[in-house]
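**Student:** Here it is, the structure, as structure tokens.
The values are calculated or read from the model by the stated rules, or taken from the named source; none is laboratory data. The shown structure was predicted, so the numbers you read here are calculated from the model rather than taken from an experiment. Ideal geometry is used to build each Cβ from the backbone, glycine not excepted, and the neighbour counts take in all protein chains shown. Accessible surface is based on the protein model in full, side chains and every heavy atom, while ligands, DNA and RNA are left aside. Shrake-Rupley method; radii C 1.70, N 1.55, O 1.52, S 1.80 Å.
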Amino acid sequence: MSGAIEDHVDLFIGGQSVPGARNDRRPVLNPATNAPLATTAVGSADDAHHAMEVADRAYRESGWAADDGARRAKALYRLARSLEEQSEAFALLETLNMGKTLKESRGDIGYVVRTLEYVAGLADKIEGETIPVPGSRLDYTLREPLGVTVHIAPWNYPLLLAVRSVAPALAAGNAVVLKPASLTPLTALKFARLAKESGVPDGILNVVVGSGSEVGEALVVDPRCRSVSFTGSADVGRRIAALAAERIIPLTLELGGKSPVLVCPDADLDRAAKGIAFGIFGNAGQMCWAGSRLIVAESVRDELVRKVSALAEGYRLGPGVEATSDMGPLVSSDQVERVLGFVQDARDQGARVVVGGARSDDPALSAGNFVRPTVVADVPVESRVVRDEVFGPVLSVLSFGSIDEGVRIANDTRYGLFAALWTKDLATGLSMARQLEAGMVSVNEAPNTFPQTPFTGYKESGVGFEQGRDAIYAYTRRKNVMINLGGGKPRKA
Ligand code: NDP
């Protein structure tokens, strides 16, 4: 066990740490060594229903929903300040549990702080409108919280992606039950305790660790669940959508991507190469927004592939806690097998592995889940590595003759989360940005996003919006109120 963290952490329900109905414990591993880092309590369906009951009571009785939004804003600002003060401890915990480098974890925690500040600023600006209607009437709308909202988070940005949906739900006055991924629950549990210290009432933020198939599904089917937000794989997203349809509750799904990075002949190739490497090797490629398909103009393909491959070879692999590491391990040994399976499949299809394509050969890293940055060229467009989400540091190279062909290849995917394009010509950039079937487009930089910009996908990348103003509205419902003022004869229209 590491001295930097607690040896054991319980579930967090009703403002208290609780062991769970089965009193079950499970080790959480450090992906850099696969050694146990701590244990957590493992919740059951009973714990899920208990958390929903507690959240429902807190929603109705704590005053959180009824309070002036400014009071919620104050608690969320306090939480942002406390998190900022403890950011090093949170970043270290994230790195030890998930594997990413400390630099990346620090970036994640900073993003969470900004997210809290952004939604805190909106908490007292959730406004209705007055609508002119005929006759002697007053018509207005109210935006009300939904009640208890369920949030199911993945392991690739454990705290960031959890808080991305939890924070706007809290700002809007809801009570929340969060289920983090079993692989990476530690920062979410620590965060919930900090929220209590910052003034979020007991029962308003609950965290239940446990398997998705048991705890996750129990939360969604619980009759008190008024909406569900899920980030993860498309298959589980489909399952959750089916459960939500049975219950007729709204949902937000963020299901990953196969994002294209288009490089035109006139692009600044040095800048593009750095952006491409950052967009696929950052977080060891475990990003829904990873730019995993490089689609480059034939005339500059060889030069660009050389530049990106040179950058890939320069990445220093190592435990995320070491300052010299540019890339940490993958989250689990299963994920290593999965990623290398894609590379082997590409080889079998006749692709050329330009660089990487294997575990690290450094004996000092042999116990951990280290996979070298990989560039795969001459890939058949129908191969799995081009069509499916790899979720690892693997870049597939495709090429185009004309811009129209490039756009067609970019859009030839069932996903549509991000697209990036590199060109010095503004007219080409504007035209391609319109044609690309993606919820978010970056021009002349790697896929990028901020708490105030909408995060959304086309096609199988998801449903609904995270971030920005849309996110807070997603956790409210609109009510229309019409008052007959009694003066004169009411008329219909
Ligand atoms: P999952 O989709 O299985 O896991 C994401 C979250 O959903 C976890 O909290 C998980 O819980 C939970 N979950 C799993 N099954 C259910 C269920 N039936 N009902 C409710 N919740 C459920 O992703 P994996 O961890 O298996 O990763 C597999 C692949 O998914 C990755 O390689 C990547 O391609 C994609 N992915 C995409 C992400 C994104 O950001 N869009 C994030 C993570 C993965 P638990 O794990 O505790 O059982």
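**Student:** Can you tell me which residue is surrounded by the most Cβ atoms within 10 Å (Cβ to Cβ) among those in segment 244-259 that are within 8 Å of the ligand (Cβ to nearest atom) and at pLDDT 95 or above?
**Tutor:** Gly257
**Student:** A further question follows. In the list Ala181, Ala188, Ala241, which residue meets the criterion of being within 12 Å of the ligand (Cβ to nearest atom), aliphatic (A, V, I, L, M), open to solvent by less than 50 Å² (accessible area, probe 1.4 Å) and part of a loop (DSSP other than H, G, I, E, B)?
**Tutor:** Ala181
**Student:** Name the one entry in Ser213, Ser165 that is open to solvent by less than 10 Å² (accessible area, probe 1.4 Å), modelled with pLDDT of 95 or more and either outside any loop (DSSP other than H, G, I, E, B) or more than 9 Å from the ligand (Cβ to nearest atom) (or both).
**Tutor:** Ser165
**Student:** For segment 171-189, give me the residue count where each residue is within 17 Å of Val150 (Cβ to Cβ) and among the β-branched types (Val, Ile, Thr).
**Tutor:** 2
**Student:** Any idea which of Pro201, Pro223 is open to solvent by 10 Å² or more (accessible area, probe 1.4 Å), more than 10 Å from the ligand (Cβ to nearest atom), touching a Phe, Trp or Tyr at 6+ places or on another chain (Cβ under 6 Å) and not in a helix (DSSP H, G or I)?
**Tutor:** Checking each option against the conditions leaves just Pro201.
**Student:** I've got another one for you. For segment 280-308, what are the residues that are away from the ligand (no atom under 14 Å from the Cβ), within 27 Å of Lys100 (Cα to Cα) and open to solvent by 10 Å² or more (accessible area, probe 1.4 Å)?
**Tutor:** Val305, Arg306, Lys307
**Student:** Further question: For segment 296-308, state whether one or more residues are more than 20 Å from the chain's Cα centre (by Cα), within 24 Å of Gly462 (Cβ to Cβ), of a type outside the set (A, V, I, L, M, F, W, C) and not in a loop (DSSP other than H, G, I, E, B).
**Tutor:** no
**Student:** Within segment 326-336, can you find the residues that are within 11 Å of the ligand (Cβ to nearest atom) and either of a type in the set (D, E, K, R) or part of a loop (DSSP other than H, G, I, E, B) (or both)?
**Tutor:** Of everything in segment 326-336, those that are within 11 Å of the ligand (Cβ to nearest atom) and either of a type in the set (D, E, K, R) or part of a loop (DSSP other than H, G, I, E, B) (or both) turn out to be Leu330, Val331, Ser332, Asp334.
**Student:** Let me ask something else. Quickly run through segment 413-447 and pick out the residues that are in contact with a Leu (Cβ under 9 Å, 6 or more places away or on another chain), at pLDDT 95 or above and in a loop (DSSP other than H, G, I, E, B).
**Tutor:** Once the filter is applied, which keeps residues that are in contact with a Leu (Cβ under 9 Å, 6 or more places away or on another chain), at pLDDT 95 or above and in a loop (DSSP other than H, G, I, E, B), segment 413-447 yields Leu417, Thr423, Leu436, Ala438, Gly439, Asn444.
**Student:** Give Thr449, Thr428, Thr453 a once-over and let me know the one that is under 18 Å from the mean Cα position of the chain (by Cα), open to solvent by 30 Å² or more (accessible area, probe 1.4 Å), at negative phi and of a type outside the set (A, V, I, L, M, F, W, C).
**Tutor:** Thr453 is the lone residue from the list that is under 18 Å from the mean Cα position of the chain (by Cα), open to solvent by 30 Å² or more (accessible area, probe 1.4 Å), at negative phi and of a type outside the set (A, V, I, L, M, F, W, C).
**Student:** Same structure, new question: Does any residue of segment 337-354 turn out to be in a loop (DSSP other than H, G, I, E, B), touching a Gly at 6+ places or on another chain (Cβ under 6 Å) and within 19 Å of Gln286 (Cβ to Cβ)?
**Tutor:** No, segment 337-354 has no match at all.
**Student:** Please state which one of Ala4, Ala45, Ala35 is at pLDDT below 95 and open to solvent by 20 Å² or more (accessible area, probe 1.4 Å).
**Tutor:** Ala4
**Student:** So how many residues does segment 11-32 have that are open to solvent by less than 40 Å² (accessible area, probe 1.4 Å) and either within 29 Å of Arg57 (Cα to Cα) or not aliphatic (A, V, I, L, M) (or both)?
**Tutor:** Result for segment 11-32: 9.
**Student:** To continue, here is another question. Since Ala410 meets every condition but one in (1) more than 21 Å from the chain's Cα centre (by Cα); (2) of a type in the set (A, V, I, L, M, F, W, C); (3) surrounded by fewer than 23 Cβ atoms within 10 Å (Cβ to Cβ), which condition does it not meet?
**Tutor:** (3)
**Student:** Scan segment 120-148 residue by residue and report those that are within 21 Å of Val207 (Cα to Cα) and open to solvent by 10 Å² or more (accessible area, probe 1.4 Å).
**Tutor:** Passing the criteria: Pro145, Leu146.
**Student:** Considering each of Asp47, Asp139, Asp56, Asp67 in turn, give the residue that is in a loop (DSSP other than H, G, I, E, B), of a type in the set (D, E, K, R) and in contact (Cβ under 8 Å) with a residue 40 or more places away in the chain.
**Tutor:** Only one candidate qualifies: Asp67.
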